[in-house]
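Take a look at the structure set out below.
The values are calculated or read from the model by the stated rules, or taken from the named source; none is laboratory data. As the structure is a computational prediction, the values presented were derived from the model and not from experiment. Counting neighbours? That spans all protein chains shown, and the Cβs are built from the backbone with ideal geometry, glycine included.
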Amino acid sequence: MVATVELADGTLVPTLGQGTWHMGERGADRRREAEALRLGLDLGMTLIDTAEMYAEGGAEEVVAEAIAGRRSDIFLVSKVYPHNAGGRKLVAALERSLARLRTEFLDLYLLHWRGSVPLEDTVEAMERMREAGKIHRWGVSNLDIDDLEELGPALADCATDQVLYNLEHRGVEFDLLPFCQRHRMPVMAYSPVGQGGALLRHPALQAVAERLGATPAQVAIAWTLRQPQVISIPKAADAAHVRLNAAAAGLRLAPEDLAALDAAFPPPRRKRALAML
């Protein structure tokens, strides 16, 4: 069973959700991708994260297929391009996303990363869309502490910060993750198993996985979930992969497992620039 984390407004969401980066890029794969997402929903991973950037809306169309007939069970997240993140452009971008997703509202709408649009303009447009019922809450992605502090009083209304977080990229543990935890703002960890497979081939990770009777990917996901106030959003595009991801929610890493991973992937001892993909 997938555990939950509480947002600042009291809403409970799964700590293990589903990402959709690279979905929708090939028409021939869309049915299989939608079926994988539906299976994930059946297994309790009812938070789905997508973005207008992914396949230029193609991923949102795949999500629409996956959630058809069960929208009320889903916590749906999408993200807006930085160049669309203010004024009428944000309104238009949101309407396009809603149309592709075939829904009347988003549970959470994120600024994908910071661009030239002032944050205050993004917040103003987000709040107007929340008042209109088009989104239920808003948040950010790929923003560091100085950016979050720039939000000022609006920080209290920022539901999450979605960042790159995995064994290879632990910089957020030094300051950003504790900052978000103090503000009751869950961090959403994207690419928890890394990119390209290099992380999953690391001998230390493989050794822990063998000891636990798990896969390296499951250990990597469980490692992100060891932290309070963290939501992990791995992607899976086939049924077997989805089942493995879902099972990672029940995997518990012992102190010796964590120590072995710390030795191989040392936690940060100083401030690091925020890593992004």
Q) Can you list the strands (runs of 3 or more DSSP E) found entirely within the range 1-93 that contain at least 1 residues being of a type outside the set (Val, Ile, Thr), touching a helix residue (DSSP H, G or I) at 6+ places or on another chain (Cβ under 6 Å) and under 24 Å from Asp161 (Cα atoms)? A) 75-80
(Q) I need a count of the residues in the range 192-204 that are outside any helix (DSSP H, G or I) and free of Cβ contacts under 8 Å to residues at least 40 places away in the same chain. (A) 4
(Q) Of everything in the range 1-27, what is over 23 Å from Arg182 (Cα atoms), modelled with pLDDT of 95 or more and among the small types (Gly, Ala, Ser)? Give them in sequence order. (A) Gly19, Gly24
Q: Any residue in the range 9-26 that's free of Cβ contacts under 8 Å to residues at least 60 places away in the same chain and farther than 16 Å from Val63 by Cβ: show its pairings with residues that are assigned to a strand (DSSP E or B) and among the hydroxyl-bearing types (Ser, Thr, Tyr) at Cβ separation under 7 Å, as long as the two are six or more apart or on different chains.
A: Leu12/Thr4
Q) If you go through the range 15-33 one residue at a time, do you hit one that is loosely packed, with under 15 Cβ neighbours inside 10 Å and in contact with a Leu (Cβ under 7 Å, 6 or more places away or on another chain)? A) no
**Q.** Within the range 227-259, considering residues that are in contact (Cβ under 8 Å) with a residue 60 or more places away in the chain and basic (Lys, Arg), the one surrounded by the fewest Cβ atoms within 10 Å (Cβ to Cβ)
**A.** Arg243
Q) Which of the following residues is within 20 Å of Leu164 (Cβ to Cβ) and either without any contact (Cβ under 8 Å) to a residue 60 or more places away in the chain or part of a strand (DSSP E or B) (or both): Ala189, Ala214, Ala207? A) Ala189
Q | Long-range neighbours under 8 Å by Cβ, at least six apart or interchain, first residue more than 29 Å from Ala3 (Cα to Cα) within the range 41-58, second in a helix (DSSP H, G or I) and small (Gly, Ala, Ser) | A | Gly57/Ser97
Q.
Ala264 - would you say it is at pLDDT below 95, surrounded by fewer than 22 Cβ atoms within 10 Å (Cβ to Cβ) and among the small types (Gly, Ala, Ser)?
A. no
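Per-residue answers, yes or no, for (1) among the basic types (Lys, Arg); (2) out of contact with any Ser or Thr (no Cβ under 6 Å at 6 or more places or on another chain); (3) without any contact (Cβ under 8 Å) to a residue 60 or more places away in the chain:
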position: Asp175; (1), (2), (3): no, yes, no
position: Ile221; (1), (2), (3): no, no, no
position: Thr224; (1), (2), (3): no, no, yes
position: Lys271; (1), (2), (3): yes, yes, no
